[in-house]
Structures are given as structure tokens and as C-alpha cells.
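A short reminder: the numbers here are calculations on the coordinates, not readings from a lab. The shown structure was predicted, so the numbers you read here are calculated from the model rather than taken from an experiment. No Cβ is skipped: glycine too gets one built from the backbone with ideal geometry, and neighbour counts run over all protein chains shown.
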Amino acid sequence: MKATARANANIALVKYWGKRNERLRLPQNGSISLTLEGLGCETTVETDAALAGDRLVLDGIGRMGREVQRVSAVLDLIRARAGASERARVQSTSAVPVAAGLASSAAGFAALAVAGAAAYGLELSPEEVSILARRGSGSACRSTFGGFVEWRRGVAADGSDSFAVEILPSDAWKVGMVIAIVDAGPKAVGSSDGMERSTEAPAYRHWLATVEADLLAVRRGIAARDLALVGRTAEANATKMHMAAASASPPVVYWSETTAAIVAAIPRWREEGLEGYFTVDAGPNVAVLAGEADLERLRARLAGVPGVARTLVCRAGAGAALIS
Ligand code: PMV
């Protein structure tokens with residue numbers, strides 16, 4: 001039994017930040033993202049009754065320890081459901097090096113959920129696939145869908161209503177993101193640790209008090225194809241997430257000097273007629289949302305900022321799918 005799936009990464013416009021249940025990866029708040037082409041991965045899962053444990057090869061390198069455990073945890077859910085016990089060989093290659101910190105876990109676990117379910121002969125609904133991906137990495141539940149996607153927080157204790165839904169298909173609005181990959185500084189605090197520390201922080205209350213309004217504004221902006229409404233809300237939302245993190249004790253600071261320089265430059269560029277809107281995840285890279293007409297010009301401007309190592313233009317992309 002062997003299956004291969006492809007999935008794209010996604011970047012959130014309203015962030016998932018904080019868990020209400022660690023084990024089930026249930027979020028404190030809903031989130032909205034854009035799935036992006038060109039930052040994807042391809043994953044093959046092959047069951048093998050002769051294996052004593054799951055094997056994982058990422059970008060040609062055999063992995064051990066925590067990385068394998070995280071993959072096995074998702075495969076265990078699939079096996080329990082399929083009534084199967086064979087272990088599997090998992091092979092995954094990503095379009096962008098995992099170390100670049102570009103939401104690689106989102107694409108990886110979305111592809112794993114799709115390929116794993118198929119390899120073990122499970123026929124799942126899109127919501128069930130999204131829930132499986134969520135158990136590997138929260139943001140992965142959004143990569144099972146393409147275009148603009150909302151991860152509904154849900155209220156059920158077992159997480160059965162915490163999954164993603166597509167809110168606008170990838171071809172319905174010609175937008176994309178320019179990703180500015182910033183020279184890596186010291187290793188950032190991982191998203192799970194960053195979230196945990198943030199939920200205790202003074203500014204986290206402000207985060208929770210305003211995130212519903214951000215979701216509403218971004219939903220409205222997407223429905224009306226109002227880039228300024230979506231973009232300004234995304235900028236404010238990312239800034240609040242990073243304020244919550246920075247107010248933790250000790251502070252969790254993801255921005256580098258280059259991140260701050262880009263964040264300061266983008267509103268100035270808008271005044272000059274170059275319309276882009278920033279967002280920043282749990283690292284120093286900046287993603288800039290823009291309409292098709294401005295993507296290449298924005299890329300050229302971002303590439304000229306000192307400290308930017310590489311730029312990528314990514315259009316809205318498709319959800320996770322089986323390819324064989
Ligand atoms: O799914 P995780 O654990 O990699 O966390 C993602 C956290 C952010 O990227 C900062 C926000 C988000 O919604 O993707």
C-alpha cells in the first residue's frame with residue numbers, strides 16, 4: 001500500500017497563536033490563511049509489515065527522534081482508524097529547504113495526512129483529513145485546502161469541530177505573496193514554545209479580545225476582494241501576535257533588524273503607490289500580500305533591503321491532493 005500526495009504551505013493573515021489543548025492541538029482562536037504555490041512538498045507513505053518502526057526520510061536525509069515521533073503520532077491515528085498495525089516508510093521532499101523556516105510543517109503534515117490515509121486505505125471527508133493534519137501541526141489543517149482558508153476554532157472538547165474550510169478558491173482572486181527570507185539570526189523559539197509562553201503574557205489578553213473582530217474584517221475583505229481591508233487587518237493582527245510574544249517573560253522576539261526595517265518600509269511604499277501588506281510568522285521572514293500587478297515590483301524592492309537573503313513570489317495555490 002503506497003500513496004503520494006502534494007501539499008502547499010500557507011501563510012496566515014489572522015494568526016493561530018495559543019492552544020487550548022496541547023495534545024489535540026486545539027487553538028485558542030480561529031485563523032485565516034492563504035495557501036501558496038511554490039512552497040510545497042511531496043510525500044510518499046508506503047506501508048511495510050517487515051518494519052519494526054516508522055521510517056522518515058526528509059529531503060534525502062534519514063531522520064530520528066522527535067521528528068519521527070511526530071510523524072508516527074499522525075500515522076498512529078490513521079492506523080487506529082484503519083485497524084492496521086504495519087509501520088510505514090515516509091519520504092518527503094520540499095520545494096524550499098525546511099531550514100528556511102517557511103511553514104514547512106504545514107505543507108508536510110497536510111501531505112502526510114492525505115498520503116497516509118490513502119496508503120492505509122481510509123476514505124475520509126475533507127474535514128477529517130484537515131483534523132488529522134491538525135494533529136501533526138496546527139497550521140497544517142489549513143493546507144489541506146487551497147486559496148483563502150479559515151480554521152474554525154470549534155468548541156468541542158474532542159476537537160471534532162476544529163478543522164479548516166475553504167473560503168475562496170485560489171483562482172477567484174489574483175493575489176499572492178512575496179516572501180522575503182531574512183538572514184537567519186540565532187535560532188528562534190519554536191512556535192509551540194512561543195505560543196505557550198505568550199498565553200501567559202500581559203498582551204495576550206488584548207490578542208484574544210480583538211482576534212474575533214480581525215476574523216470578521218478579513219472574511220468581509222475577502223468576500224469584497226478588498227485588499228486594503230484584508231491587508232491592514234493582517235498587519236495589525238501580526239503586530240498584536242508579536243506584541244503578545246514580546247511581552248512574555250522572558251520575551252519571545254522573532255523579529256530581526258531586517259524584519260523591522262521591512263515592516264517600517266511597507267507603509268511608505270504604499271504611499272508611493274506600491275500596494276503590499278506585511279505579515280510575520282514565528283521567525284524573522286516577512287510575507288507581503290499583494291495583487292498580481294504589484295508582486296514583481298515588490299519583489300525587486302524587497303530584494304534591495306539589506307539583510308534580505310532571498311525573495312520568492314508565490315501565487316495563491318491549491319489544497320493538498322493525492323498524485324499517485
Ligand atoms: O502550526 P504551527 O505550530 O507551526 O504554528 C503556526 C504559528 C504561526 O505560523 C505563527 C501562525 C499561523 O497561524 O500559521
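Of the listed peptides 216-224, 153-161, what is their order by residue-averaged count of other C-beta atoms within 10 Å, with the highest listed first? Mind dumping the intermediate values first?
On the way: 216-224: 17.6, 153-161: 13.2.
Most protected by this proxy first, the peptides run 216-224, 153-161.
So how strong a dipole does the chain carry about its Cα centre when Lys and Arg Cβ are +1 and Asp and Glu Cβ are -1, to the nearest 20 debye? All intermediate terms of the calculation are to be shown ahead of the outcome.
On the way: 36 positive and 34 negative charges, 67 e Å.
Dipole of the chain, to the nearest 20 debye: 320 debye.
Long-range amide H contacts for Val286: which residues qualify at under 5 Å (H placed 1.01 Å from N, peptide plane, sequence gap of 5 or more or a different chain)?
Hits under the 5 Å cutoff: Ala180, Val182.
Applying the Karplus parametrisation 6.51 cos²θ - 1.76 cosθ + 1.60 with θ = phi - 60° to the phi angles of region 313-324, what ³J(HN,Hα) value in whole Hz is obtained for each residue in order, glycine and proline being reported as x?
9, 10, 7, 4, x, 8, x, 5, 8, 6, 10, 6
Students often check this: by mean Cβ neighbours within 10 Å, which of 2-11, 239-248 ranks highest, and how do the rest follow?
2-11, 239-248
Quick one: putting +1 on the C-beta of Lys and Arg, -1 on the C-beta of Asp and Glu, what dipole do you get for region 252-315 around its Cα centre, in Debye to the nearest 20?
140 debye
What residues qualify as long-range amide H neighbours of Arg310, i.e. H under 5 Å apart, gap of 5 or more or another chain, H built at 1.01 Å from N?
HN-HN under 5 Å from Arg310: Ile181.
With no solvent and one equal point scatterer per Cα, compute the Debye intensity ratio I(q)/I(0) for region 93-177 at 0.21 Å⁻¹ and report its log10, rounded to two decimals.
Log10 of I(q)/I(0), two decimals: -1.02.
Across region 180-243, what fraction of all alpha-carbon pairs, as a whole percent, falls in each successive 10 Å bin from zero upward?
Cα pair-distance distribution for region 180-243, in percent: 19, 38, 32, 11, 0.
Expressed as cubic angstrom per residue, what is the convex hull volume of the alpha carbon set of region 130-272?
So the per-residue hull volume is 141 Å³.
Which residue fluctuates most in the GNM of the chain (Cα springs below 10 Å): Glu37, Glu123, Glu272?
Glu272
What trypsin sites (Lys or Arg not before Pro) does region 50-88 have in DSSP loop regions with at most 11 other beta carbons within 10 Å?
Here no loop site has a sparse enough neighbourhood.
Step through the residues of region 148-153 one at a time and calculate ³J(HN,Hα) from phi using the Karplus curve (6.51 cos²θ - 1.76 cosθ + 1.60, θ = phi - 60°), rounding each to whole Hz and writing x for Gly and Pro.
So the J values, rounded to whole Hz, are 7, 9, 10, 9, 6, 4.
How far apart, in nm, are two points set 7 Å out from the Cα along the Cα-to-Cβ line at Leu122 and at Glu257?
Placing both labels 7 Å along Cα→Cβ, they lie 4.9 nm apart.
Test of understanding: what is the full-extension gain from Ala224 to Asp158, defined as 0.36 nm times their sequence separation minus their Cα-Cα distance?
20.3 nm
Kindly provide log₁₀ I(q)/I(0) values, in the same order as q = 0.08, 0.09, 0.13 Å⁻¹, from the Debye equation applied to equal alpha-carbon scatterers of the chain.
Calculated log10 I(q)/I(0) at the listed q: -0.34, -0.43, -0.91.
On a 29 Å Cα-Cα criterion, which of the cross-link pairs Lys174/Lys240; Lys2/Lys174; Lys19/Lys174 come out too long? Write out the running numbers ahead of the final one.
Working: Lys174/Lys240 27 Å; Lys2/Lys174 36 Å; Lys19/Lys174 33 Å.
Beyond 29 Å between Cα atoms: Lys2/Lys174; Lys19/Lys174.
Given R₀ = 51 Å, what would the calculated FRET efficiency be for Thr239 paired with Ala49, taking r from the Cβ atoms and rounding to 0.05?
Values: r = 52 Å, r/R0 = 1.01.
Here the calculated transfer efficiency is 0.50.
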